[in-house]
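**Q** This structure is in structure tokens; I'll ask about it shortly.
None of the figures in this text is laboratory data; all of them are computed from the coordinates on show. Source: prediction; values computed, not measured. No Cβ is skipped: glycine too gets one built from the backbone with ideal geometry, and neighbour counts run over all protein chains shown.
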Amino acid sequence: METMESQSMYSELIKIIREVEVLFGKMKEKEGTDDKITVNTKNLMRRREELRGRETLTTREKVELSEIQKLIRREVRRDIRNFEKEKTKEIMENSGSTRKLKKEMSRGRQVINKLKDKGGELQWGSDNVIRIATEFYSELYGNNQNKVVSKKYLSQSLKRLEETELPLPPIMEREVEHELQKLKTGKAPGPDKLDSNTVKKLSIALVKPLTKIFNKIIDSETSPVEWYLSEMIILYKKGCKADIQNYRPLSLSDSFYKIFMKI
């Protein structure tokens, strides 16, 4: 019962925050790639995802999907060029600072549109990029050495937990408030898709329900199912941008999971 209650409370809290974002918009402080893309291009992307989500496609729909993918690549490049052109004009007219211009132009996500496969051949498109990255990191982190290290670390962690006989003290509201205020904004969201700026601005309202949920999680000794998920992005380091080995993986977790672990 405790498990179900903590899970349902957590799911309900996430649902409410998402509804707030729908009603008032995400409370962002910085512009990202999404801000550079027009409504027309976003509609094309939604149509693409709708087609991809279907189990089977007719011949006509397959052709439509292929054409939409080509059109999206072209429209995204044009949208970003137009955005940067207008942004450049605005910054130079208002401040004339090339330093500020460079800083503003570096914001947002860098889209990876091609990667080399195992044979060294260039593969284009988001589907191929995802496939190549998934295969590379699955092999990299799925080898025996990493399994041995993970098993050893898990054994040591469990041993330390067994040696700890004192019960965990309840989490206090001031602790949750402190971590909410420290939450970094402008970061990529985890699987919950909650914008960190929105979470931080709603921090006062979130303190009481989060504290209650965190304590129920401790009492039930079971985490919300969402906390077992994470998303991975890859960050370019140096060298050839088409070589997957020149990227660093970064795992993205839910905001509330990170707050809970810090407390």
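**Q** Got a sec? How would E49, E64, E173 order by Cβ neighbour count within 10 Å, fewest to most?
**A** Working: E49 9, E64 15, E173 12.
With the fewest neighbours first, E49, E64, E173 line up as E49, E173, E64.
**Q** At what distance in angstrom do the alpha carbon centres of region 237-260 and region 179-204 lie from each other?
**A** Each part reduced to its Cα centre gives a spacing of 18 Å.
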